[in-house]
Amino acid sequence: MNGKRYGRIAVLGAAAVLLAGCGGGGGDEPADKPLGKKQLDAVLPDAKAMSGWKVAARLPAEPLPEVSRTTLCGGHKSACDGLRSFAQSTYTDPGKEFSVLVSVFAAEDAAGAEPAYDRLWERVEESVGQSKGLEAGTLGDEHYALQTEYGRTGGPAAQIQVRVGATVLQITGEALRPGNALDLDAVVDVATVVTERAEQAGRGEAPSAVLGG
């Protein structure tokens with residue numbers, strides 16, 4: 001399914017639970033290789049690649065157990081059966097006004113990633129209140145993006161979800177507390193660099209994209 005669909009943010013949520021759309025891609029080779037553990041970890045930018053940002057938390061790549069696939073996909077667990085592993089990192093902006101949570105889910109192939117990609121976004125739509133579309137440019141093979149005035153912290157939030165071949169990315173930006181601002185452009189910038197790193201990994205390259213690079 002190509003194109004964006006906007007809707008009503010907690011599979012901000014999908015990934016956070018584990019811790020407690022539209023054309024694109026560069027390169028001549030398709031970015032559709034399944035990612036192993038080291039590649040999955042490498043998709044998440046480190047502090048050097050996120051100049052000025054702080055890596056607030058990091059969950060290294062690990063297998064995704066069946067119970068987590070059930071949690072992610074709710075009553076449609078079969079949609080997430082193709083997901084095999086995930087990794088996750090949280091970054092805080094230089095002003096410490098907001099955070100960005102990045103979750104990377106790896107499937108064995110695009111056929112396993114596609115139904116999970118759609119179901120995960122349905123879960124986002126089911127979980128958030130009033131929202132509107134977020135312009136995120138061209139990301140991956142397909143993507144969804146939205147913003148909402150009130151996230152889990154009571155401040156503004158944004159969610160971007162991207163599929164790159166056999167990989168599904170979730171990028172969630174949230175104000176750290178009510179009254180804080182959320183730099184939507186910065187959230188899109190993070191989504192862009194993570195997508196570029198996933199594309200590099202999907203072509204069998206070492207991810208090297210950096211924020212602002």
For the condition buried (at least 16 other Cβ atoms within 10 Å of the Cβ) and on the phi < 0 side of the Ramachandran plot, what is the one hit in Ala57, Ala111, Ala87, Ala47? Ala87
Within region 141-200, the residues that are over 25 Å from Asp109 (Cβ atoms), assigned to a strand (DSSP E or B) and either open to solvent by 20 Å² or more (accessible area, probe 1.4 Å) or among the hydrophobic types (A, V, I, L, M, F, W, C) (or both) are Leu146, Gln147, Ala157, Ala158, Ala175
Only listed residue being under 18 Å from Tyr144 (Cα atoms), of a type in the set (Gly, Ala, Ser) and at pLDDT 85 or above, chosen from Ser103, Ser51, Ser78, Ser99: Ser103
Would region 109-123 turn up any residue that is within 23 Å of Pro45 (Cα to Cα) and in a strand (DSSP E or B)? no
Only one of Leu35, Leu19 is within 22 Å of His143 (Cβ to Cβ) and at pLDDT below 95; which? Leu35
Filter region 114-140 down to residues that are open to solvent by 10 Å² or more (accessible area, probe 1.4 Å) and closer than 12 Å to Thr167 by Cβ, then give me how many there are. 1
Which one of these is part of a strand (DSSP E or B) and either crowded, with 19+ Cβ neighbours inside 10 Å or over 17 Å from the mean Cα position of the chain (by Cα) (or both): Ala106, Ala42? Ala106
Suppose the filter is more than 17 Å from Ala158 (Cβ to Cβ), of a type in the set (Phe, Trp, Tyr) and touching a strand residue (DSSP E or B) at 6+ places or on another chain (Cβ under 6 Å); does Phe86 pass it? yes
What is the residue count in region 62-72 for residues that are outside any helix (DSSP H, G or I) and either at pLDDT 95 or above or open to solvent by 30 Å² or more (accessible area, probe 1.4 Å) (or both)? 3
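The values are calculated or read from the model by the stated rules, or taken from the named source; none is laboratory data. Note that the coordinates shown come from a computational prediction; the quantities given were computed from them, not determined experimentally. Quick reminder, even Gly has a Cβ in these numbers, built from the backbone with ideal geometry, and neighbours come from all protein chains shown. Note: areas computed on protein heavy atoms with side chains; ligands, DNA, RNA excluded. Shrake-Rupley method; radii C 1.70, N 1.55, O 1.52, S 1.80 Å.
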